[in-house]
Amino acid sequence: MTNNSTGTPQSETNKAIGTMSTETVSSGQNTQLPISEQLSDNIEYLEKTFAGSSDIVFKHWNYGPELQYTACSVYYESLVQEDTENYMKITLQDLVMHEVGPGMEATPQDIRGFFEHDGVSGKKASVITDLLQLVDHISNGRLIIVFEGWNKGLSYKAQSVETRQVSESVNESVVQGPRESTVENLQKNLGLLRLRLKTPKFKIEMITAGGETKTAVAYGYIEDVVDKEMLAEFKNRIAQIADLEVLETSYIEQIIEDSTYSPFPQHRYTERTDMAVAGMLEGKIAVLVQGTGGILLCPGLFTEFFQSSEDYYQRTVNSTLIRWLRIVAFLIALTLPSVYIALSTFHPELIPTVLLLAVLNAREGIPLPAFFEALLMEFFFELMREAGVRLPRPVGSAVSIVGALVIGDAAISAGIASPIMVIVVALTGIASFSIPQYNIAISLRILRFPLMISAAVMGGFGMMICFLFILLHLCKLRTLGQPYLAPLAPLRLSELRDVLIRVPLKTLLRSPRDLHKHKHKPVK
Amino acid sequence: MRRLRISRSFRTRCLPVMLVTLIFAVTGCGEIKDINHRALPIVMGIAPGDEKEFRVALQIPLPGQQQYTVRTVSAEGETVSQAIQRVQTNVENHLDLLHLKLIIFHLDLIKDGINEELEYAIRSRQIAPKSYIAATESDIVKLLNSTKERVEQDGTTFYNFFSQTAGWTPDISNTQLWEAYRAVHSSSQDYMAAIVGIGDDEMLESRGSAVIAGGKMVDRLDSEEMLLVNIFNNKFQGAVIQVLEKASVMVIGAKVRNVVSIKSGVPKLHSKLTLTVSIEETKGEPSPGEIRHQLNEEMEGRFMMILNRMKKHEADLFHIGQHFRRILTPDEMKKWRSEYYPQLEASIEVETLIRNTGDLIDQ
């Protein structure tokens, strides 16, 4: 009995919650709240909705014979252009030009007839029937005009917020190649991409992230090149953002990535349009977000983090050598401190005698064991790097001067660190800076420490164990269903043309693009 | 009754982390000593002791702020390891033989046999098998002390003396520890150890080589003989041979072909040594043919002389027995030194090619 009596209300509540949540999710699109024919009702609703915002403007107009009809335009002052008055004029002018003839004889019926039958207008206007949609449009920086006696509203695109001009890429600078980088305007960015991909196969799909921001998110791909199953999986995952607030492209990265706790980035991030286009030509999906310049290339495979757009603008031999340099830099940045610890505490026999004697002299009088010395110096270095990133630019140089003194000379003369250790830390730092993708350099910073600990505990054997774990993780990692280490593991020889060596561009460009369909089968 | 079950997320996530953490607990990393708390001797000398069986002397570079100093520490013991233990008690840092580059045995010790010492060196697992071995007639402590100043300037001096990439020449034998250890268990490979002494002006003075067979010194070769053995064993780098009094030639290539057979229990060997030489210096005006002829004869003569001496000592310096391994059974090979080798009938044919006469000889 008790069960029955409690069961019913519970299920009712569940139902209620269910309907409520559907309502909130779809409030922008489905729920009907029709615009009233009474202008005052509409204005009252809008005034209530936008109450408390000082930048909302309600501008009342009178028009028609003897100015007997009323209309009202609503917009955010902070978002739209200053010449807003023109829109009412434009609306009337459109009518005058095509239907009513000269004079001030427009009636609501004329307006209604004209816009409902898609009359040619001077500025692009869309007709809105729903009040909630009206609110959406105002929030998006459009100008709304509602008329007395017509249950529809006109929405004009009038947004004008100052945006940054297309400028040189700051984070991914190159010597050769285009300098342009993305800005914070989605349409501009999409335009930059379209300029480079003049084909109808380049599809751009738009979705709106949910929550309060209503951010427009676009993703583009090239229809014939992209893997269909991967695209389906991507769409499936990005649907999650419908009720999440998205402020930056990296939000999307974190929402759609396979392994949240992996130190390795699973998608590539760029602000260069040429890189984004090259990625899409290889079958990637590019994600752009309104209000931020970052482009996310999904999926990002391990080997791709060693590629830079400049690799393709330079001659084959040069870029292959530089590719190798980066791989060596990767290994140095990952292992050098731990190799030093392992060699100096466990395997001194591996150090050539002359160097050994030099190391012995250098380490004489250092109070800390090699591991703690390395840990301390790495900590100093990371501290300096973090301080340098966050500080305003004029102060930044002060950090580098102080840092150079602390990590360099002073630490040695104070007897805290040995010169060899300073070399090791400095080399590690320089090596990690020479990796083109910033986010994989961060994962190196993280992995360096477990490696150092294992080297301090078990020497080369410990490093081996640690490497095995890293390798296992890398082999297991999937990104959008694709193996992260491809084409190294599983080995696909035909795709190795852009991994360890960069084959001549002639060969690289001739390779059939739809090859991609047969590769990277998602692993279930 | 409900069974207590470990949850799946615990099994897949926490358990591996716990197990990996346990690895660190069992490593015993607390015993690891930092590099600057280790004494890493570079040269070890072993000699018969005054009171006890062995005296072991170690030359240890000790780090300093600017320049390291070299100290020679020695102690006596009934066994080599005991003597090293005694040294350890006198040294403030942890003694570590990992970086040993050279082991010098006193000749008196080699005459009694050094097989046990070699076994110890390998079994200790500290001494690198690629470290060199040498012999000396001088007092080892004095030898190590006298070379101190030179080692202080360059820690690798001793190593360089034997290293093929530095100051080694083919008239010094540069046997490594593993080669000596191999001879302990091999029935057909014997070795030599360079005999060094305190030099007057130089740090070390080469005084020929000791031939060691069955762990004991059986003969002594001078540097000319040493050169031939090395050329025959394909170590001819920079070797210069004097041809009578007429010319000196530099060996730039040496190739040996051996044809072996056993007829009615008697092993037969025919070797063909092809020498490629370039003429370095001439006296008078010898013709190329003359030089070739002289060189061939001289090499043949020296080879036969050394081989006959070695046969007497049952020391297989040229590793001739190796070529009979495909004919003799393993059991027969064990008797190689005692039964077959002394009966060996060997002949050698030397062919010389003069690659470069320079302007020294008119063709």
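The values are calculated or read from the model by the stated rules, or taken from the named source; none is laboratory data. Note that the coordinates shown come from a computational prediction; the quantities given were computed from them, not determined experimentally. For neighbour counting, all protein chains shown are included, and Cβ atoms are generated from backbone atoms with ideal geometry for every residue, glycine included.
In this structure, is B:Val70 touching a strand residue (DSSP E or B) at 6+ places or on another chain (Cβ under 6 Å), aliphatic (A, V, I, L, M) and farther than 15 Å from B:Asp139 by Cα?
In short, yes.
Being at pLDDT 85 or above and more than 14 Å from chain B (Cβ to nearest Cβ): is that true of A:Ile407 here?
Spelling it out, it is not the case that A:Ile407 is at pLDDT 85 or above and more than 14 Å from chain B (Cβ to nearest Cβ).
Would a scan of the range A:349-357 turn up a residue that is farther than 29 Å from B:Lys130 by Cα and touching a strand residue (DSSP E or B) at 6+ places or on another chain (Cβ under 8 Å)?
no
A quick yes/no check of all residues on (1) part of a helix (DSSP H, G or I); (2) crowded, with 16+ Cβ neighbours inside 10 Å; (3) among the small types (Gly, Ala, Ser):
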{"position": "B:Arg309", "(1), (2), (3)": "yes, yes, no"}
{"position": "B:Ala315", "(1), (2), (3)": "no, yes, yes"}
{"position": "B:Glu339", "(1), (2), (3)": "yes, no, no"}
{"position": "B:Glu349", "(1), (2), (3)": "no, no, no"}
{"position": "B:Ile354", "(1), (2), (3)": "no, yes, no"}
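Residue by residue, here is whether (1) in contact with a helix residue (DSSP H, G or I) (Cβ under 6 Å, 6 or more places away or on another chain); (2) aliphatic (A, V, I, L, M) holds:
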{"residue": "A:Glu282", "(1), (2)": "no, no"}
{"residue": "A:Ala286", "(1), (2)": "yes, yes"}
{"residue": "A:Leu296", "(1), (2)": "yes, yes"}
{"residue": "A:Gln307", "(1), (2)": "no, no"}
{"residue": "A:Leu331", "(1), (2)": "no, yes"}
{"residue": "A:Leu334", "(1), (2)": "yes, yes"}
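What helices (runs of 4 or more DSSP H), lying completely within the range A:316-397, carry at least 2 residues that are of a type in the set (A, V, I, L, M) and farther than 15 Å from B:Ile35 by Cβ?
Answer list for the range A:316-397: A:316-345, A:370-390.
How do the pairs read when you match residues in the range A:456-468 that are at the interface with another protein chain (Cβ under 10 Å from one of its Cβ atoms) with residues anywhere that are surrounded by fewer than 16 Cβ atoms within 10 Å (Cβ to Cβ) and among the hydrophobic types (A, V, I, L, M, F, W, C), using Cβ under 6 Å and keeping only pairs 6 or more apart or on different chains?
From the range A:456-468, the pairs are A:Val457/B:Phe24.
Among the strands (runs of 3 or more DSSP E) confined wholly to the range B:159-252, which include 1 or more residues that are among the hydroxyl-bearing types (Ser, Thr, Tyr)?
B:191-198, B:204-213
Just to be sure before I move on: is B:Gln82 farther than 14 Å from B:Pro41 by Cα and either loosely packed, with under 15 Cβ neighbours inside 10 Å or not assigned by TED's automatic domain parsing to the domain that holds B:Ser206 (or both) in the structure I sent?
Criteria not met by B:Gln82.
Could you please find all residues in the range B:69-87 being outside any helix (DSSP H, G or I), within 25 Å of B:Glu152 (Cβ to Cβ) and of a type outside the set (D, E, K, R)?
B:Thr69, B:Val70, B:Thr72, B:Val73, B:Ser74, B:Ala75
Inside the range A:345-365, can you point out the residues that are within 7 Å of chain B (Cβ to nearest Cβ) and in contact (Cβ under 8 Å) with a residue 24 or more places away in the chain? Steps first, answer last, please.
Taking the range A:345-365 and keeping what is within 7 Å of chain B (Cβ to nearest Cβ), we get A:345-346, A:348-349, A:353-354, A:356-357, A:359-361, A:363-365.
If the condition is that a residue be within 7 Å of chain B (Cβ to nearest Cβ) and in contact (Cβ under 8 Å) with a residue 24 or more places away in the chain, then A:Thr345, A:Phe346, A:Val359, A:Arg363, A:Gly365 are the ones that fit.
So that you can scan it fast, the table gives a plain yes or no per residue for (1) under 16 Å from B:Phe303 (Cα atoms); (2) at pLDDT below 85:
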residue: B:Ala193; (1), (2): no, no
residue: B:Asp201; (1), (2): no, yes
residue: B:Glu225; (1), (2): yes, no
residue: B:Val229; (1), (2): yes, no
residue: B:Phe236; (1), (2): yes, yes
residue: B:Val240; (1), (2): no, yes
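Do we have B:Ala47 as out of contact with any Phe, Trp or Tyr (no Cβ under 6 Å at 6 or more places or on another chain), touching a residue at least 24 places away in the same chain (Cβ under 8 Å) and away from every other protein chain (no Cβ under 11 Å) here?
Yes, satisfied.
Report, ordered by the first and then the second residue, all pairs with beta carbons closer than 6 Å, sequence separation of six or more or different chains, a first member in the range B:95-119 that is on the phi < 0 side of the Ramachandran plot, and a second member that is part of a helix (DSSP H, G or I) and among the charged types (D, E, K, R).
Short answer, once both residue conditions are applied: B:Leu98/A:Glu349; B:His99/A:Glu349.
Give the range B:164-191 a look and list any residue that's β-branched (Val, Ile, Thr), modelled with pLDDT under 85 and under 17 Å from B:Ile104 (Cα atoms), or say none.
B:Ile172
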